[in-house]
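Step one of this worksheet: look at the structure below.
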Amino acid sequence: MLSTMMTVLVTVLLCLLALALFLKYGLRAYFKRHLNGMVKAAAANMKAGVAPIAPRITMELEQVEFRDPLVKEYMHEFKALSYRSTGRYVIPEMPYLHLWSGAHHKDGTLALILECGDQFTSIDVIRFYEDGSVLGAGTNPYYRPDNYPPQMRYQQFPLGASAREIVTWMREQPVASGVIHVTPKNLKALNTRFYAECTDFQLARPLPTFDEYRTRALKDAERIGQKPPELSETQWRMGYEDHRTSLLDALDGALKDHLLQGGSITAREWDLVQHDLVFIHSRLMDEDIALRALARSDWTTDEPQVERLLSKGMAPAKLFDAIQELLPPSQQFSLLATVTKPVVSRVYAPAVERDSEMETRMP
């Protein structure tokens, strides 16, 4: 069964929308084989609105052939409102999402049409400000105010609302500061900037509990008119673990991005360790920490010495270090740096010999 997923949107708008409409992690083979089409569709819907699929996304121009006739209706409506096409895009991290974008040649706002697989089509109108704030309005069914930073405001309309209604609302709103006019040249840069801010905000929040996950999934299915999935407790638990893993993977990606951009390691160091980094932080359970500490070892978490450490309720970093001390030097990690966003995390890389080109610079 699919886990929930935001990550999220495709341009700032996407930030304003519902972070992540489809996690890049698909249904497990079990659910692909055993759940009927309705349950799978509902499960796919549950991936929307809670978690980012990836901390960062890419937009690729492509001659997308939209399947939903509503897309063409919206395109004509936006063009009649003086929006000029800025391209059709796919998002590799969100394979079910196809996007049409347009910019208004006078007020600089961005119009988006999102075809989300065979689930629904939604639209958004976005205004970007020079002070970093964003104002959006649209029909994203998964929008939740608490998913977005305070500088991002979104007015939700029901699915099926007309483009004219939303554009009219946007034009009635006062302009808070200088407006950044969206163009084909700056569209991707705006997306990168605001999507990163939005995903960081969501990834900094505590991971949902199992009950929160199931409640959100059922509400999301209801929002787009899908029948709630009839899943066993075991299937729900499997879906939750998949979802939690996806969130932690997205958080690792965001931490890696901040590590690279923070300048705490050199380009040469990055080339040596970028695929082997381990992040230890408070969002991990003890079992997660043990798995990361043993990544270079043949041991498993049921090793008696490891199990004794897991029962002590140690802080994440102390537990990681304690497990490391049980291993030979060739299987250990060295502390490389500390990252503070989206969450405070210690960054480890495989331990290296003294004559290696890379040296651990953290005490």
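The values are calculated or read from the model by the stated rules, or taken from the named source; none is laboratory data. Please read these numbers as outputs of a predicted model, since none were measured by experiment. All Cβ positions, even for glycine, are placed from backbone atoms using ideal geometry, and neighbour counts span all protein chains on display.
Is at least one residue of segment 200-210 surrounded by fewer than 17 Cβ atoms within 10 Å (Cβ to Cβ) and within 30 Å of G160 (Cβ to Cβ)?
No; the residues of segment 200-210 include none that is surrounded by fewer than 17 Cβ atoms within 10 Å (Cβ to Cβ) and within 30 Å of G160 (Cβ to Cβ).
Residue by residue through segment 224-243, note down the ones that are touching a helix residue (DSSP H, G or I) at 6+ places or on another chain (Cβ under 8 Å), not small (G, A, S) and not in a loop (DSSP other than H, G, I, E, B). Show your work before the answer.
Here is the first cut: in segment 224-243, the ones touching a helix residue (DSSP H, G or I) at 6+ places or on another chain (Cβ under 8 Å) are 224, 226-231, 235-240, 243.
Subsequent filtering for residues that are not small (G, A, S) retains 224, 226-231, 235-238, 240, 243.
Scanning segment 224-243 gives Q235, W236, R237, M238, Y240, H243.
Residue by residue, here is whether (1) acidic (D, E); (2) in contact (Cβ under 8 Å) with a residue 12 or more places away in the chain holds:
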{"position": "T199", "(1), (2)": "no, yes"}
{"position": "P206", "(1), (2)": "no, yes"}
{"position": "E212", "(1), (2)": "yes, no"}
{"position": "E230", "(1), (2)": "yes, yes"}
{"position": "M238", "(1), (2)": "no, yes"}
{"position": "H243", "(1), (2)": "no, yes"}
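Counting only residues that are assigned to a helix (DSSP H, G or I) and touching a residue at least 24 places away in the same chain (Cβ under 8 Å), which one in segment 296-329 is farthest from L255 (Cα to Cα)?
Top of the filtered list is L310.
Would you mention how many residues in segment 171-195 are crowded, with 20+ Cβ neighbours inside 10 Å and in contact with a Lys or Arg (Cβ under 8 Å, 6 or more places away or on another chain)?
Number of matching residues: 1.
Condition (residue is in the same structural domain as K188 (by TED's automatic domain parsing) and touching a helix residue (DSSP H, G or I) at 6+ places or on another chain (Cβ under 6 Å)) applied to segment 101-108: is it met by at least one residue? It would help to see each step written out before you state the result.
First pass over segment 101-108, keeping only residues in the same structural domain as K188 (by TED's automatic domain parsing): 101-108.
The next check asks that each one be touching a helix residue (DSSP H, G or I) at 6+ places or on another chain (Cβ under 6 Å); those that pass are 102.
There is at least one residue in segment 101-108 that is in the same structural domain as K188 (by TED's automatic domain parsing) and touching a helix residue (DSSP H, G or I) at 6+ places or on another chain (Cβ under 6 Å).
One line per residue, one yes/no per condition, for (1) surrounded by 14 or more Cβ atoms within 10 Å (Cβ to Cβ); (2) closer than 21 Å to T183 by Cβ; (3) touching a His at 6+ places or on another chain (Cβ under 6 Å); (4) at pLDDT 95 or above:
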site	(1), (2), (3), (4)
K72	no, no, no, yes
Y83	yes, yes, yes, yes
E93	yes, no, no, no
L97	yes, no, no, no
H104	yes, yes, no, yes
A111	yes, yes, no, yes
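Scan segment 66-118 residue by residue and report those that are outside any loop (DSSP other than H, G, I, E, B), β-branched (V, I, T) and closer than 17 Å to S162 by Cβ. Step through it out loud before you land on a result.
In the first step, residues of segment 66-118 are kept if they are outside any loop (DSSP other than H, G, I, E, B); the result is 69-80, 83-91, 94-104, 110-116.
Now restrict to residues that are β-branched (V, I, T): 71, 86, 90-91, 113.
The answer is V71, I113.
From the set of residues in segment 269-295 that are over 15 Å from L335 (Cα atoms) and assigned to a helix (DSSP H, G or I), which is modelled with the lowest pLDDT?
D271
Going by the structure shown, is Y89 within 25 Å of L218 (Cα to Cα) and surrounded by 19 or more Cβ atoms within 10 Å (Cβ to Cβ)?
Details: within 25 Å of L218 (Cα to Cα): no; surrounded by 19 or more Cβ atoms within 10 Å (Cβ to Cβ): yes.
No; evaluated as a whole, the condition is false for this residue.
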